[in-house]
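The values are calculated or read from the model by the stated rules, or taken from the named source; none is laboratory data. What you see is a predicted model; the values in this text were computed from it and never measured. Cβ coordinates were reconstructed from backbone atoms using ideal geometry, including for glycine residues, and neighbour counts include every protein chain displayed.
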Amino acid sequence: MTRMMTIDQFREDAAGTFWTIRFRKRNPKTKKPDGAIRTMQGRFGVTKHLMGGTLKYDPRAKNLLCCYDAAGNPDDRENSTVGYKMINLDGLIDLHFRGSYWEWNNTTKLFVEIKA
């Protein structure tokens with residue numbers, strides 16, 4: 001039986017653990033995926049580097065997922081920084097989490113586990 005997982009289930013299950021996700025970056029002007037693929041090693045629940053205050057917008061309303069990028073962009077180390085980043089949910093590709101690989105199904109809006 002194939003296991004499936006929603007974004008909210010992923011957030012709950014991944015709290016405090018590291019995971020790797022691939023997604024297409026969003027063009028800041030058009031708000032649509034621009035084709036550049038980004039690999040991120042992230043974590044939910046990090047509060048160490050918070051500066052206070054709240055976001056001026058709701059990430060869910062913009063179809064974004066807020067997380068802590070623990071490694072920066074491995075494809076561009078010179079211009080990359082660790083810190084809080086947003087993941088474009090419209091451009092999700094796949095996820096490696098707790099030893100399993102999950103592929104994003106954009107039609108059902110679910111991660112589907114891929115058996116190795």
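Restricting region 25-61 to residues that are more than 19 Å from Thr81 (Cα to Cα) and modelled with pLDDT of 75 or more, which is surrounded by the most Cβ atoms within 10 Å (Cβ to Cβ)?
Pro59
Can you find, within region 87-108, the residue that is farthest from Ala61 (Cα to Cα) among those that are in a strand (DSSP E or B) and of a type outside the set (A, V, I, L, M, F, W, C)? Can you show your working first?
The initial filter retains those residues of region 87-108 that are in a strand (DSSP E or B), namely 87-88, 92-97, 100-105.
This time we only want the ones that are of a type outside the set (A, V, I, L, M, F, W, C), so: 88, 94, 96, 100-101, 103, 105.
Numbers: Asn88: 12, Asp94: 22, His96: 25, Ser100: 29, Tyr101: 27, Glu103: 23, Asn105: 20 Å.
Ranking the qualifying residues of region 87-108, first place goes to Ser100.
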